[in-house]
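The values are calculated or read from the model by the stated rules, or taken from the named source; none is laboratory data. These numbers were taken from a predicted model, which means no experiment stands behind them. Please note: Cβ atoms are built from the backbone with ideal geometry, for glycine as well, and neighbour counts cover all protein chains shown.
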Amino acid sequence: MITFSSDFGTADPYVAIVKGVILSINPRAQIVDLSHELAAHDVRRAAFFVVSACPVFPKRTIHLGVVDPGVGSRRKSILLETEKGFFVGPDNGLFSLVWQNSSERKAYWLKNEKYFFKGTSHTFAARDIFGPVAAYLSLGIAPDAFGPKLGRIALAGFPKPANKGSSKGRRKFLGEIIYIDHFGNLVTNFPYELLAGKKRIEVKLGKRIMRGLAKSYSEIPKGKSAPILGSLGYLEIAANAASAKKLLNAATGSKVELILQ
C-alpha cells in the first residue's frame, strides 16, 4: 500500500502523472489518496497532517508526501524507515514530527538514479524521484539500495510548550496554535499527557479566558468557545457548530496560555 499526500490539487495533471509512474513500475500497487488539498508550500501544516494521518495505516505502508517549495534546490530527497512505516519525500521538514515521534528510525538520501524516472527535470521530483522510489520500495527493494544513510534530517522547528513555573499549586505553560482544521478548530501544542490527572484547567487566548474542558462540541454554548481534548492527541479550542478561529480571531502561531491545577 502506498499513501499519497500533496499540495498539488486535483485540477491539474500532477497527481495523475505520479500515479501513472508508480503503476508503470508496480501495476499491483494499491495507492490511497490522503489529500491533495494541503495548503500550498506550507510545510509545517503538512508535517502535522502527515504525523496525524499516516500512523493509523498498516505498519509496512509506504507514505509518499510532497509539499516541496524548494524543489530544484539543494535540499535532499529522502526515505525514512520507522516502526510506523516508510516515508518518501523532500528533506525540508515535512517529516519532522514523524522523525521526532518514532522510536525506531533510519534515513536514506535518495541518490541511486537507477530507481529514478528517466528524463528527469528539476521541477517535478514527485514524478522523477519520490513516486518511482515508492513504487520500487513496494516491490521489495531494500531501503539502503536507494542511497547512503543519513544521520539526521531537516526539522521544521515545531515549538514545545514552555513551562513557566508554578505558584500556589497552579502550573503555567505557554504554547501556541500549531494547526487549524477545516472546521476552524484550533489545535494547540499541549499534548494530552500534560493534562493527565488535573482537576482544573484554564486556557487564555488573547483576551479570552476559558475554564474547564468540554466533553463534546455540543456541550459548548452557542457563540462560545472552549478547550476540548480533540482527536489528534492535543488540546484544542473549539466552538459549537461554528469556527473557533473566527470567534477568537486566531491564527497559526497565536500564543496560548495554559494553567493547570
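If the condition is being surrounded by 19 or more Cβ atoms within 10 Å (Cβ to Cβ) and charged (D, E, K, R), then the range 240-261 contributes only LYS245.
Restricting attention to the range 174-194, which residues are more than 21 Å from LEU97 (Cα to Cα) and either of a type outside the set (Gly, Ala, Ser) or within 15 Å of the chain's Cα centre (by Cα) (or both)?
Within the range 174-194, PHE183 is the sole residue that qualifies.
When residues in the range 157-185 are screened for being closer than 28 Å to GLY89 by Cβ, surrounded by fewer than 18 Cβ atoms within 10 Å (Cβ to Cβ) and among the small types (Gly, Ala, Ser), 1 of them pass. Cβ separations smaller than 7 Å between residues 6+ apart or across chains give the following pairs from the range 234-247 residues that are under 17 Å from GLU202 (Cα atoms) and among the charged types (D, E, K, R) to residues that are modelled with pLDDT of 95 or more and not in a strand (DSSP E or B): GLU236/ASN185. Kindly provide the set of residues from the range 195-204 that are among the hydrophobic types (A, V, I, L, M, F, W, C) and at pLDDT below 95, ordered by number. Passing the criteria: LEU195, ALA196, ILE201. For the range 67-87, the criterion of a residue being under 14 Å from the mean Cα position of the chain (by Cα) and assigned to a helix (DSSP H, G or I) is satisfied by no position. In the condition set (1) under 29 Å from ASP91 (Cα atoms); (2) in contact with a helix residue (DSSP H, G or I) (Cβ under 9 Å, 6 or more places away or on another chain), THR188 is compliant with all but (2).
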